[in-house]
Amino acid sequence: MERNLKNVLVISFGFLFLFTAYGGLQSLQSSLNSEEGLGVASLSVLYAALILSSMFLPPILIKKLGCKWTIAISMCCYIAFSLGNFYASWYTLIPTSVILGLGGAPLWSAKCTYLTIAGTSYAEKAGKNAKDIINQYFGVFFLVFQSSGIWGNLISSLIFSQSSTKVEVSDEDLVCCGAYNCLTDTTNTTESAKPSNSLIYTLLGVYTASGVLAVLLIIIFLDQIKSDQAETEKEKLEIPSFWSTFLATFQHLKDKRQCLLIPLTMYSGFEQGFLSGDYTKAYVTCALGIQYVGYVMICFAAVNSLCSLLFGKISQFTGRKLLFALATVTNTACIVALLLWKPHPKQLAVFFVFPALWGLSDAVWQTQTNGLYGILFEKHKEAAFANYRLWESLGFVIAYAYSTKLQVYIKLYILLSVLVLSMVTYGAVECIEAKSSPGTPTATKKKNGGPLTQETHM
């Protein structure tokens, strides 16, 4: 096997094992650690730490440690979060969430840097176009990585389905499920359906082992990039200090198109936060039980992956405007339906319809918004994508922060309002672009969204 391809596969499967654990834990936080909103509070803190981390840590760590050891050490931050869940409390989950958030940005930056250098190196030897090889490597990476959402959630559902105590949800308890959930009673309902400690420890043990396996895979099998290969990249990394990155990020807000894209970018964080933090708890766990959360999120992950691939292919024919319209209509329909629907265990199929449609919409928000940033701000990509990470992460922080304070129907109205505002401001951006470059196709260079699409999923 060609050496660079071997390294790509090592990184891909390392991320697969790591995010099998983290993805599964993230989906369960609002249900597993529902006391006083601990689970969603930890996720809010996590994304706040990610914002700070992305401002200054990646260039410093990659320069000092190199890509291999930055990846390995950052992965250990994710393992710390798994360990914190063994004895979940404000004194364990919040600190480990900060640690994970700080490790998140260096992990993804080092991965992107490594794959870019590996692709460039191979292209030089083989006499091929570097961009083509780099895109192939990222394609291999995401082909493997995307399935982590399936495996992590499958593991949780299979383990929790072994519970000997099957709680039957009464009609009185079902009243507290859905959009008009009872903020106090819902917690008691979910607590009574909580799996035994032995099953929780078994799941956390599997997740921790998966994370450790990822670190060992990187340490043992990933080749360190040769100094001559990495020299050019290191020179690039020496430039952006904390303050230069910080200033460049906010100086980019002088571009009114960037300001107009803030609602759309934040909406991506809001809608993902709602599905993993509110839908899983107020609808799935409340009416069916925590053992179904994994299956529901598998449905979301599978549809999201397939649609991401599909929309990436067809966007060159349809244009991004039509895809944004499709996502808007789909998400609006879901929000209205969730406001009206009273979840009941007998309507099992409906619980899977919503995440499937949500996955379709999210695929558009992720691929097309990333691609839009790459096209509009081609000359200032670093500052533009720093803004993307900043505003989407802020959307996550806000969504998780108010998760336990507001009833679901209020959060759905907030979601709908942000969506409408997003489409108005996005329409303004398209109008500006149409006036400035009327002959420019809107659906080109879509691949800019590829490597950066999943970074915000941590």
Total charge of the residues flanking Val40 in space, meaning their Cβ is under 13 Å from its Cβ, with Lys and Arg +1 and Asp and Glu -1, is 0
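Using the structure shown, select from Lys379/Lys411; Lys131/Lys254; Lys254/Lys313; Lys128/Lys254; Lys256/Lys321; Lys6/Lys321 the pairs with a Cα to Cα distance greater than 27 angstrom.
Lys379/Lys411; Lys131/Lys254; Lys254/Lys313; Lys128/Lys254; Lys6/Lys321
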Is the shape of the chain best called rounded, prolate or oblate, per the rule: a/c under 1.5 gives rounded, else a/b larger than b/c gives prolate, else oblate, with a ≥ b ≥ c the square roots of the Cα gyration tensor eigenvalues? oblate
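Give me the accessible area per residue for the chain, probe 1.4 Å, as a whole number in Å².
Numbers: 18700 Å² over 458 residues.
Accessible area per residue, the chain: 41 Å².
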Heavy-atom accessible area of the chain with neighbours in place, 1.4 angstrom probe: carbon+sulfur share in percent works out to 67
Order by protection proxy (mean Cβ within 10 Å, highest first), peptides 8-16, 279-287, 129-137, 255-263: 279-287, 8-16, 255-263, 129-137
May I ask for the distance between the Cα centers of the stretch 334-400 and the stretch 47-115, given as a whole number of Å? 23
Over the stretch 252-435, calculate the relative contact order: mean separation of alpha carbon pairs under 8 Å at least 6 apart, over the residue count, as a percent. 46
Give me the one-decimal nm value for the distance between modelled label points at Phe250 and Cys431, 7 Å along each residue's Cα-to-Cβ direction. 3.0
Take the Cβ-Cβ distance between Gln407 and Ile219 as r, set R0 to 45 Å, and report the resulting FRET efficiency rounded to the nearest 0.05. 0.45
Rounded if a/c under 1.5, otherwise prolate or oblate - the stretch 253-374, Cα gyration tensor axes: prolate
Round to the nearest 0.05 the FRET efficiency obtained for Asn129 and Val420 when R0 = 45 Å and r is the Cβ-Cβ distance. 0.60
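Starting from the residue with the highest accessible area, list Val350, Val424 in decreasing order, probe 1.4 Å.
Ranked list, largest accessible area first: Val424, Val350.
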Per the chain: cysteines with no other Cys C-beta under 4.7 angstrom? Cys67, Cys76, Cys77, Cys112, Cys259, Cys299, Cys307, Cys334, Cys431
Report the paramagnetic label zone for Ala209: residues of the stretch 77-113 whose backbone N is under 16 Å from a point 7 Å from Cα along the Cα-to-Cβ axis. 83
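What are the DSSP H helices in the chain that stretch 24 Å or more along their long axis, judged by alpha-carbon atoms, and whose average Kyte-Doolittle hydropathy comes to at least -0.5?
The answer, listed by residue number, is 3-32, 38-84, 93-126, 197-221, 256-274, 293-318, 320-340, 348-376, 381-401, 408-436.
The values are calculated or read from the model by the stated rules, or taken from the named source; none is laboratory data. It should be emphasised that the depicted structure is a prediction, and the values quoted were computed from it without experimental measurement. Cβ coordinates were reconstructed from backbone atoms using ideal geometry, including for glycine residues, and neighbour counts include every protein chain displayed. Calculation scope for accessible area: heavy atoms of the full protein, side chains included, ligands and nucleic acids excluded. Shrake-Rupley method; radii C 1.70, N 1.55, O 1.52, S 1.80 Å.
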